[in-house]
Every structure is written in C-alpha cells, then in structure tokens.
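Accompanying notes for the structure given below.
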Amino acid sequence: MKQGTALVGFLLSFLSGAGLMYGADHRAPAATRELSAAAGFAAEDREAPVPVGPGDAVWGSAGAPVTVTLFSDFQCPFCARLGPTFEQLKQAYGPDKLRIVWKHNPLPNHKDARPAALAAQAVLAAKGPEAFWKFHDIAFKNQQALNEASFARWAQEVGVEPAAYQRAKADPAVAKKVDDDLEVGRRAGVSGTPHTLVNGTLVQGGAVPFEKFKEVIDRELEKAKAKLASGVKPERVYAAMSKENLQARPAGADKRPEAPRRDEDTTTVWKVPVGKSPVSGSDKAPVTMVIFSDYQCPFCKRAEDTLRKVAETYGEKVRFVWKDQPLPNHPRARPAATLALEARAQKGDKAYWQAHDKLFASAPKLEDADLERVAGELGLDVAKVKEAIAKDKYKAQIEADQALADDVNAGSTPHFFINGRRLVGALPFERFQAVIDEEIKKGEALVARGVAPGKVYDELMKEGKEAPPPEKKQVAAATKDQPFKGGERAKVVIQEFSDFECPACNRAEPTVKQIMEAYGDKVKFVWRHRPLAMHKNAPLASEAAVEVQKQKGNEAFWKFHDKLFENQRAPGGLERPALERYAEELGADMGKFKKALDEHTHKALVDADSKVADDASMPATPAFVINGYFISGAQPFGKFKKVIDRALAEAG
C-alpha cells in the first residue's frame, strides 16, 4: 500500500474516532448543510484528510474550488510575515474561488502561543469568524504583547463583551479544539509553522511570497475545473482533491528542517559584499561566511553554538562577517544592534564581538536596563551608548544591511552566505561543514592558480548573482486633481492604489508616513482609489473621500483618509453614518455631501482609478508605482527606500 493512501485511511479513522466527523454517512441534515455552507463549510468537508468544521475560523465560501489550510502559531515571526500575503490572496481570488481555514499549531518553544490560540478560539466561539480574523490581525501586529491583559482588550476591540469572552475561554470545548488541531496537524505531518496546504498540497518553504502561492493555487483551480466538469459537486471538491493530493505526495514530503528555511538552493553563488561590516577572522581565509542575523531572534541565538563550533573546527580558514537584519516584529533587536556598533566605535572590532556575545547571552532580555548592564560590563561610555540608541545613530548602516538582505532574498534570520552560497536557519554543524569543506578546496585551488590569498572572496564575487532590477508597471499618469502630499513638482512620483477597507492598506500607513518623513518634498505621493469588490463599504468610502476633497481641498482629503483608516476596525466605522460624521467634523457642506453619495456623483472617477490598476494587472491592494517601479503589498520601509533612492538617482 502506498504511504499516502495509508495516511489518508489513518487520518480518516482517527478523525471519526475523535468525534470530529458527522455520523456514519458523514452527512448532516439538509438544514444544517445549508447553514454550514453559509458559514464557510459543508458536511462533505468532514471527509477530507484535514477536515473543516464548525469549530474552524473560515474565510470564503464552502463551494470555493480551492481551500488553503494554514497551521499557524501566533508567536511565530514567520507566521506573522504571511499576513500581508494572505490579504493579497483574498483580494486576487475572492471568496468564491478561495477558502482559507485556520488551524491552531502553537509550538512548544513559544510559551505565549497556546494562550493566544485559546484566546483567539474563544473569540471565534463568542462572536464568529469575522471577529476571529480581526483578533488574528491585531495579535500578529502586536506579537510582543501576547499576554492575558492584551487578549481581553483585543477581544473587546473586535466586539466581544468581556463576560462573553471569559465564558468562552472557560468552555472546555475551546481548549479541546486547539488540542484537536494539534493532533490533526501531527497526523498530517506538521512539524513547524507556518505549514500551508492548498487542497492538501503542501506549499514548501514556510512564509513564501504571493507568487509561490499563486502558482500552486492556479494549478489547483485548473484541476478543480476538471473535477466540476466531470460532475463532482462543488461542496465535494475539497475532500476529493485533498485525498488525491495527499495520496500523490511522495514519501518524506512532509519532513521539515529544524528551522524554517525559505530557499533550498545551496549551489547558487550570490554577490554579498563585505563592505565595512564587522569582521572576525583573517582576510586571507579561503572561506568567508556572511551572517544576516537579529539579536532578538531565538533561531539566531540557537545558531550561535554552531557558529562557535565552526570557528573552533576551522580556525583561520573561515572569516565571519556580520550584517544586521533586525526584523520588524523584534523591537529590541535594533537597539541591541546599535549597542554593538557603538561598542565597535568606542573600542574596535574586538569589543564589537564581545558585545555580540553578551547580547546573545542576555537575549531575550534586551530591554534598556539589560543593554545598560551589557555596556557597563564592556567598560563602554554608557551615556554615549544610551545616546546612540536614542538617536538611532547607526540607522544608515543598519538600513544598508537590510537593503542588501532584500537584494539577496535574505528576509528571514539567521541567513548565511558561505562564499556566496546560501544556508538558512539554525541548522546543525554538519550542514555548514559540507559547504565549508567544498569551499575550502575551491579557495585553495584559486590560490594555486595564482590568486592572492586575500583576494579569494573578491574573485568568487565577480561571478556572483546580483538582485534583479525592481519589477516595472506602466500606469496612466495621475491627473492634477488627484489627492497628493509632498512636493507638487517632485521628480519622483509614488502612486498608491489603495482601499479604505483593506487591512493590508491600513498596515502600510505607518510606512507611508515614514517615507514622507524621510523624503518630504523630494517625492510626490499620490492616492489612487482601488476599492475591491470584496469590501462592501470601500466604494462608498472612496466616493465620500472624493467629495470631501472637492469641497475642502487636498489637506481635508488626507484628514478624512486618516479617519477612515483609524476607524477601519470599529463597528460601523466605514458605514454611511460614520462617513457623514467624519465629513461634518471636517466642515463639509452636508447637503452637497449627502447628495453626492446618494447619486454616486464620483463613482466614475473611482472606477477610472480602478481601471488603471486593472489595465496594469494589479489585482491586490495596496499597490505602489514609483516612477514606473512596482511594489506590491504592505512592505517594510527598506524595500521602498531602495526603490525610491534608485528612482531619485535616475531622475538626476
């Protein structure tokens, strides 16, 4: 018997015995099936190897031809990174083509993950899927504040009364659901997070980009069309396809490495310059290891023991180069990086690496008092260290490292390049050893051919792979009447196609503010309306914003814009009464305002902006076009900075 077939049978027998399926014929009464379908699942979903049922948080239709099942952990940084990607997927496919199902998989090394899972499940039980997904977004946005007080506050923010939340949390069914998800995940081969199945097909690599998901989803959509054409009912597609995909999975396909890895390619040589970064070891070493790391990252801390073993084993044959990659969900990583760089400035490279060791020894305790203690132990001028952290003294250097990380696709930490060859994650020593031994031979061969020992790395980098240029999109130019901020005649124009009801657009707002603070009148930032069909309040919100601008000008538009995003999650925050209230607060002529909304006076203008996005094949929001260069989604500031700087240089 094939392994996949055996696993399907084992899962089905387990789920049936665990009480996670309907009765013997796996069917619910007709009325129940109708209600379930409206809620995003059908009775037939219970027949799937990974079932979907009333205890699950579901987005999308029960009849959607593609089901994405996500096993996730609220404390996992890689899971947090998937949020914007899943927003893009929702927007690109809509609820009739795509269904997303959340399964809890709190990892044992994440102490706050299970309490967060229980809180989220309680919200789902008390208020339903919409409240769950809102809670989900808040939790991932505030990963450093996963505690009971936060959970209770967030539950109230998404509309769950405190008493109802506490009752739901106390219900044994909530804890049982989390445990059931863990067991289903274990049976399905889930060993790390995020673990994503598309109709039962594993998406390899964890927090992969939108394009990777799109490739798998499009393939499954085509297969689903064939199923439907053959007479399979829509509500049976998921169960049928997930069984087939699981059976087709080769032996060992579910096995995962010790730590999340985004790229399995260890053969490509990437061009990763040393620059002026801190270095440990001889410049004549045949092997240079460039490390992108984060002092608050638990995987980075775990990797330090392996790196020490590398240093002990190879001595002067390996040179280490440090690049700072503080992740946005690790707020104490950047202050720690600043301390280490200030130690270098005060006392040289030796002090830098001493600071590096002490910071990892202290982690996760990296608060101000911890950093002051480390600085004192190193004999540094503590006042200067505190000033460096307060003023973000090494901002340019750290952001240059982050831009380089983006160039070489080193978005996760720890990330290693051994003579340009990539390894990702807290891997065992043997994985490093295999690559290092090969590179030592290669370096020694170059020296034998006449390359100076101190030039081996430079020679290897000559043929290294560089980052491709940013993607480009041709879009119709904005008119002079479009709302904008920044320099009216700036040579660099940033157009944002956005939707007031889109959570990812809201998440992009702090980055937009950061861009304007950094560049001011050097850029012109233009708003383009892109309300998506899946967001029922977005079209009228856009029309209302246009009317405010027509009446009160550019400045009033941005104030109205801010009010919409500030109240996006509030109950009724984007419905018509709220739109009228915001407009009245800004001094709009309410007779004209109501008439414009009643008659949809500005619908044509809003539709014209959306058509520009459609013509340029930009289905998701937010989407940014910077002098023709395209950025999709709520990306970090560093990604924008790299493209804006490029556009400024080209504009002269």
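The values are calculated or read from the model by the stated rules, or taken from the named source; none is laboratory data. If you're wondering where the values come from, they're calculated on a predicted model, not measured in any experiment. Here the Cβ positions follow ideal geometry from the backbone for every residue, glycine too, while neighbour counts run over all protein chains shown. To get the accessible areas, we keep the full protein, side chains included, count just its heavy atoms, and leave off ligands, DNA and RNA. Shrake-Rupley method; radii C 1.70, N 1.55, O 1.52, S 1.80 Å.
Applying D = kT/(6 pi eta Rh) to the range 99-197, where Rh is the Kirkwood radius over alpha-carbon pairs, T corresponds to 37 °C and eta to 0.692 mPa s, the Stokes-Einstein value obtained is 240 µm²/s.
Given R0 = 41 Å, the distance between the Cβ atoms of residue 433 and residue 369 translates into a calculated FRET efficiency of 0.55.
Annotation note: trypsin sites (Lys or Arg not before Pro) in the range 374-414 located in DSSP loop regions with a Cβ neighbour count of at most 13 within 10 Å are 391. Within the range 409-536, antiparallel bridges make up roughly 50 percent of the DSSP beta bridges whose residues both belong there.
Think of the chain as a dipole: +1 on every Lys or Arg Cβ, -1 on every Asp or Glu Cβ, centred on the Cα centre; then among 523, 175, 297, 297 lies furthest on the positive end. Only one residue of 579, 315, 66 has its Cα farthest out toward the positive end of the dipole of the chain, where Lys and Arg carry +1 and Asp and Glu -1 on Cβ, and that residue is 315.
Placing 465, 365 in order of accessible area, with the largest value first and a 1.4 Å probe, yields 365, 465.
As an exercise, use a Förster radius of 35 Å and the Cβ-Cβ distance of residue 92 and residue 312 to find the FRET efficiency, rounded to the nearest 0.05.
Once rounded, the FRET efficiency stands at 0.10.
Each residue of the chain gets 189 Å³ once the volume of the Cα convex hull is shared out per residue.
Computed over the range 457-544, the Cα gyration tensor eigenvalues convert (square root of 5λ each) into semi-axes of 32, 19, 14 Å, ordered from largest to smallest. Using Cβ point charges alone (K and R +1, D and E -1), the dipole size of the range 498-635 about the Cα centre works out to roughly 80 debye.
Karplus-based coupling profile of the range 495-500, in residue order and whole Hz: 9, 10, 8, 9, 9, 5, with θ = phi - 60° in 6.51 cos²θ - 1.76 cosθ + 1.60 and x standing for Gly or Pro. The separation of the range 541-608 from the range 440-484, counted between C-alpha centres, amounts to 46 Å. Placing +1 on the Cβ of every Lys and Arg and -1 on the Cβ of every Asp and Glu, with no other charges, gives the range 92-245 a dipole of roughly 280 debye about its Cα centre. Fully extending the segment from residue 459 to residue 276 would add 64.1 nm, taking 0.36 nm per residue of separation and subtracting the current Cα-Cα distance. Taking the centroid of alpha carbons for each part, the range 319-352 and the range 130-145 are 30 Å apart. Using r as the Cβ-Cβ distance of residue 175 and residue 228, and R0 as 25 Å, what FRET efficiency do you calculate, to the nearest 0.05? The pair residue 175/residue 228 has a calculated efficiency of 0.05. Restricting the range 109-190 to trypsin sites (Lys or Arg not before Pro) that sit in a DSSP loop and have at most 11 other Cβ atoms within 10 Å of their own Cβ leaves 111.
For the range 285-374, the carbon plus sulfur part of the accessible surface works out to 52%, probe radius 1.4 Å.
What is the log10 of I(q)/I(0) for the range 511-613, computed with the Debye formula using one identical point scatterer on each Cα and no solvent, at q = 0.11, 0.24 Å⁻¹? Here the Debye-derived log intensity ratios amount to -0.34, -1.39. Between the alpha-carbon centres of the range 397-434 and the range 156-206 there is a gap of 31 Å. Of the whole protein surface, residue 394 contributes about 30 Å² of accessible area at a 1.4 Å probe radius. With θ taken as phi - 60° and the Karplus curve 6.51 cos²θ - 1.76 cosθ + 1.60 applied, the whole-hertz 3J(HN,Hα) list for the range 383-392 is 4, 5, 5, 4, 5, 4, 5, 4, 9, 6 Hz, x standing for glycine and proline.
You can think of it this way: the chain between residue 594 and residue 566 has 7.9 nm of extra reach, that is 0.36 nm per residue less the Cα-Cα gap. Computed from phi, the 3J(HN,Hα) profile of the range 324-339 under the Karplus parametrisation 6.51, -1.76, 1.60 (θ = phi - 60°) reads 7, 9, x, 7, x, 8, 10, x, 8, 5, 5, x, 5, 4, 5, 4 Hz, with x in place of Gly and Pro. Extension gain, residue 390-residue 448: 0.36 nm per intervening residue step, less the Cα-Cα distance, totals 15.9 nm. Only bridges with both residues in the chain count here: give the DSSP antiparallel percent, nearest 5. Counting DSSP beta bridges with both partners in the chain, the antiparallel share is about 60 percent.
Heavy-atom accessible area with a 1.4 Å probe sorts 97, 442, largest first, into 97, 442. Dividing the convex hull volume of the alpha carbon atoms of the range 403-486 by its residue count gives 170 Å³ per residue. When the alpha carbon coordinates of the range 344-451 are projected onto the principal axes, the ranges are 51, 29, 27 Å, largest first.
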